[in-house]
Amino acid sequence: MNRKSFLKLGSLGLASFKNITLGLSPSIKPIVVSTWDSGMPVNAAAWTILSVNGSALDAVEAGAMHIENEINCCVGLGGYPDRDGIVTLDACIMDEQSNCGAVAGLEQIKHPVSVARKVMELTPHVILVGDGAQQFALENGFKKEARVLSADAEKAYKEWLQKSEYKPVINIENKTQNGPFAPNFFEDGSANHDTMGLVALDGAGNLSGAVTTSGMAFKLHGRVGDSPIIGAGLFVDNEVGAATSSGVGEEVIRICGTHLVVEFMRQGLSPSQACKRAVERIVHRNPAKAKSLQVGFLALNKKGEYGGWAVQKGFVFSVKSSLENKIYPAKYSL
Ligand code: SD4
């Protein structure tokens, strides 16, 4: 190591130390942040690419694919079905040049995030839905998987069918656990989140993001949430930062949530303050309703600083860089 790079490393370390003592996230690259504690293995998959100078785009796709592979997880084909017992998947991806692609209501395809990337790279469009998305996937070499529910999903669906109560409440860890509708909980009380959103900053200083989900459990067939919608579930602006969301997608769509977070960062707010302001927009619109819903935002800026904020207690996010590999609880408004 020559003197110049040693000094650079020293000042970086010092800046990080200063930030940590001030309670701010350190400024560093590469870095990947993702929603929930299930983001830890996702970040590890993304890190295999970021740590060898790979692109943020490849890293976020690898991270999302990792969790889509987990058949007993909540996100991909192992996720909970819609009201009719069919698993439909939503995903999107966005790169540093504002290229983006998405799929919604995709059935029987294991890696919706990769189909979304193909939509971005091979078509002049941004979103493909339903049968058209599946047709496009098959034409591009993706395999059609059998239509089977994972053991967890089948059990939960059978239980839900007993009442067939259409009362989607998601991600409120402290409130739904004993409530009438708690699709995100296993018997042992552990959470089963159905969305993975991740954003990354690579060594070259470029940002990208991806989201993949089976959507809200037992949703109406055809319902699309925020996750595949650019500006709602994911937004990347390479000059400013990137953001992703989890929670009740309808609330995020109504305020163009992640676009709003990025715009707040553009105005100079830190990632966590930007997320807070977007959450406040949801709460302010309807404070009574906000008490019974959860939305969490997670943001990363161009400097590698990150932060999250949620409507309620319970939203956590995972961070991986050369400085740390950790899960953080997000602060919350209510
Ligand atoms: C949706 N935002 O479909 C997703 C659900 C989610 O963890 O985030 N679940 O509305």
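Structure summary
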quantity: 15 Å tail of the calculated P(r), segment 252-292, as % of Cα pairs; calculated: 36
quantity: Inter-site label distance for Arg285 and Ser98 at 7 Å from Cα along Cβ, in nm; calculated: 2.3
quantity: Accessible-area composition of segment 26-332, carbon plus sulfur, in percent [1.4 Å probe]; calculated: 51
quantity: Estimated distance in nm for a label pair at Val148 and Asn69, the labels positioned 7 Å out from Cα along Cα-to-Cβ; calculated: 2.0
quantity: Stretch gain in nm, segment Glu139-Lys158, where the contour uses 0.36 nm per residue and the Cα spacing is subtracted; calculated: 3.4 nm
quantity: Rounded if a/c under 1.5, otherwise prolate or oblate - segment 26-332, Cα gyration tensor axes; calculated: oblate
quantity: Computed lengthening from Ser322 to His125, 0.36 nm per intervening residue step minus Cα-Cα distance; calculated: 67.3 nm
quantity: Fully extended contour minus Cα-Cα distance, from Thr48 to Ala204, at 0.36 nm per residue; calculated: 54.6 nm
quantity: Dimensionless Rg ratio for segment 187-334, taking C-alpha atoms and the 2.2 N^0.38 Å reference; calculated: 0.99
quantity: Pairwise label distance in nanometres, Glu165 with Glu239, each label 7 Å out on the Cα-Cβ vector; calculated: 4.9
quantity: Long pairs among Lys110/Lys326; Lys276/Lys326; Lys276/Lys303; Lys143/Lys320; Lys144/Lys331, criterion Cα-Cα beyond 30 Å; calculated: Lys143/Lys320; Lys144/Lys331
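The values are calculated or read from the model by the stated rules, or taken from the named source; none is laboratory data. Owing to the predicted nature of the structure, the values given are computational and were not obtained by experimental measurement. Quick reminder, even Gly has a Cβ in these numbers, built from the backbone with ideal geometry, and neighbours come from all protein chains shown. Keep in mind that these areas ignore ligands, DNA and RNA; they rest on the heavy atoms of the full protein, side chains included. Shrake-Rupley method; radii C 1.70, N 1.55, O 1.52, S 1.80 Å.
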